[in-house]
Amino acid sequence: MASLTAIKTDFPYFSTDFASGRAPSPWHKSAPGRLRDAQKAARAEKVWSLWSAHLARRKRPGRLDRLFSTRREPLLWALPQRAEDQGTPELVARLAALQRGGATAQGTWEEEASLWMAEAAAGHDVSYSLEAVAWARALPELAGVLSSASWWGLLGHLAAASVEAAEWSVEESPLVHQLLAGELALTLAYAFPEITACRKLAADGRRSLSAGMIELLDGEGLPSADHMPLLRPLLACWTRCQALGRRWKKGCFTRSADAQFEWAVRQALRWTRADGSQVFSEPAADARSTDWLAAALAFDGDEDDQDVATLVLPGSKKSERDRVSRYALPEAASNSDWSRAAVLRCDWSHCGPCLSILYPGKTVLAELSARRELLGSGRWEWEVRLDGRPLAPAGEWEETCWISDEDADFLELEIELTGGVRLQRQMVMARDDGLLLLADVILGRQPAQIAYRGCFPLREGISLGGVPEMREAYLVGRRRAALVLPLALPEWQCDRRLGTLERTGAGLELHQKSQGSSMYCPLLVDFDSRRMGRPRCWRRLTVAAELETQPADVAVGYRVQLGRDQWLIYRSLAERANRTLLGHNLSSEMLVARFDETGEVEPLVEVE
């Protein structure tokens, strides 16, 4: 890897001996012969005249602004909000206009380049990094408006920034590292193959990009939950690098990193909302502008991802979506214990129900969407009290079970609480049934008065509607999006002894209380619009073992009817044992099943 000392020595501006001819030549053998001859003769002014003229008329390499034919400037793809607030788009736009031949005054750019380099001493953040790449992309055109000293000074500054960044930890600042050590290095190598020091940066950039990608992703293209907001900005950076990599036989990634790029494209599609924005992000005004994802797909060798994009991205025609064979597509749901992130969804349709989960540390973030509408996004909160004493996390959330098949997706998380209590959080997405089960399970050791509060985040503008005297409620946005049933509570609102379900400023709040060692707190969400106007009911079932009725802190069961469809839900809260409910004998820890037309139970999810 090139050293900072070598970079400074290789560039004429940094060498006091350049004018005398004692400085080493910066030129590669591919540079014009007249340029190298003038260098040997120590004719500094002639060298600059020849070099700037060469940059103005050369055909190869091609202009950097022509690598992509997209409506949005590639450096502004998936731009982080902080960079937008700091004025980065304005500078990038003006430098892009210069590349396209926009008229400019020399003095203006001289002063701005000098000021920008001086401000860089304050630190290298995402704004600086994107702007550095923008300056590098415009350097060929800047040779016509900057003095020799300013131009070489700017080139040396950019090259030094790239070399320095390669020594940093990619984990501490992933996007800054990949932009400076990776994309900036490749940009300089692409733009100036005639300069030996720049040419060497290609290998350094390839190494930094590939190693960074392997370190940042879980093996299937997904970053950690903490870095999830960077998924799109990173993919945008890697896509631009793919275009630069066409210049070199080895490309810009190693083979294993190239495979990660394809996985990252699929994950970006998987974590895309119906409006085109990324899950867990503030929807941008240009969210539907996903041409940058189309550019990424052009470097993705997996044809399945093209079909997935047709279903997921907004703007595709119904005729195009109808041509996609949905049965041959990869799994739409995903869970990564390494990333601490999961997506539960019925299929790839952008209008179908989708639950996205991040569980870093002691926090669970949840986002729910259905029928092209974002219902909620934020922290999924909980509060547990035993005999009035609040419990606190004593560990971090861990995945304890993940099942995904043709019937359903099931994710179970668990966290240790003070007092020897465990809190399990269960999520079941039943594909064909259009149902989502959300349940918190409190597993204690000693009998106590248990008070529980769970709050699922709801977006502003999503209300809770329904029949006033009944417990079930609708999540309502532009229209009715889902029906919510609090299975552990009675159907009638007048009975508030066991708890309540209500819409608060924080979200959808479920309160429950009971006496015992454990408690099950379930919500069943129905997304099927055809059933929403039909009769529905739910009943807590009697659970028996050895002809004795079992208390609610040992095991619970529920029967749910929506229209003509019926389901059975069972959860053991004590040691597993052979128990019966509704004439069904089982020894499982958990069962979610449907009743078929003959009354037989068809398991959707069963945990032994």
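Quick note: the coordinates plus some simple rules give every number you see, no bench work behind them. Computed from a predicted model, the values in this text were never measured in an experiment. Note: ideal-geometry Cβ built from the backbone for every residue, glycine included; neighbour counts use all protein chains shown.
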Can you tell me the relative contact order of the range 334-607? Whole percent, Cα pairs under 8 Å, sequence separation 6 or more.
13
Residue-wise HN-Hα coupling along the range 534-551, computed from phi with Karplus coefficients 6.51, -1.76, 1.60 (Hz; x: Gly, Pro):
9, x, 8, 7, 9, 9, 7, 9, 7, 9, 10, 9, 6, 6, 10, 5, 8, x
Could you grab the relative contact order for the chain? Cα pairs under 8 Å, six or more apart, rounded to a whole percent.
7
Report the calculated FRET efficiency for R564 and A298 (r = Cβ-Cβ distance, R0 = 41 Å), to the nearest 0.05.
0.30
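Using unit Cβ charges (K, R positive; D, E negative) and no other charged atoms, how large, in debye to the nearest 20, is the dipole of the chain about its Cα centre? Before the final figure, lay out each step's value.
Details: 74 positive and 83 negative charges, 487 e Å.
That gives the chain a dipole magnitude of about 2340 debye.
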Only four residue types carry charge here, +1 at the Cβ of Lys and Arg and -1 at the Cβ of Asp and Glu. Report the dipole size of the range 245-321 about the Cα centre in Debye, rounded to the nearest 20.
240
Within straight cross-link reach of K250, meaning Cα distance under 12 Å, which aspartates and glutamates are found once same-chain residues fewer than 8 apart are removed?
D258
Among the listed pairs K59/K200; K46/K249; K46/K200, give every one whose C-alpha distance is greater than 23 Å.
K46/K249; K46/K200
Please compute the contact order of the range 124-179 in relative form: average sequence separation of alpha-carbon pairs under 8 Å and at least six residues apart, divided by the residue count, as a percent.
48
Farthest positive-ward along the chain dipole, Cα basis, beta-carbon charges - from V560, A332, C401
A332
Projected onto the charge dipole of the chain (+1 at Lys/Arg Cβ, -1 at Asp/Glu Cβ, origin at the Cα centre), which of L485, L154, G219 gives the Cα projection farthest towards the positive end?
L154
Between the range 362-378 and the range 22-67, what is the separation of their alpha carbon centroids in Å?
55
List the lysines whose Cα lies under 28 Å from the Cα of K362, skipping any in the same chain that are fewer than 8 positions away.
K513
All aspartates and glutamates inside 13 Å of K29 as judged from Cα atoms, apart from same-chain residues fewer than 8 positions distant:
D37, E194
With the dipole of the chain worked out from charges on the C-beta (+1 for Lys and Arg, -1 for Asp and Glu) around the Cα centre, which of Y452, S369, W538 lies farthest toward the positive end?
S369
Tell me, what HN-Hα J-couplings in whole Hz come from the Karplus equation 6.51 cos²θ - 1.76 cosθ + 1.60 at θ = phi - 60° for each residue of the range 171-177, using x for Gly and Pro?
5, 6, 8, x, 5, 4, 4
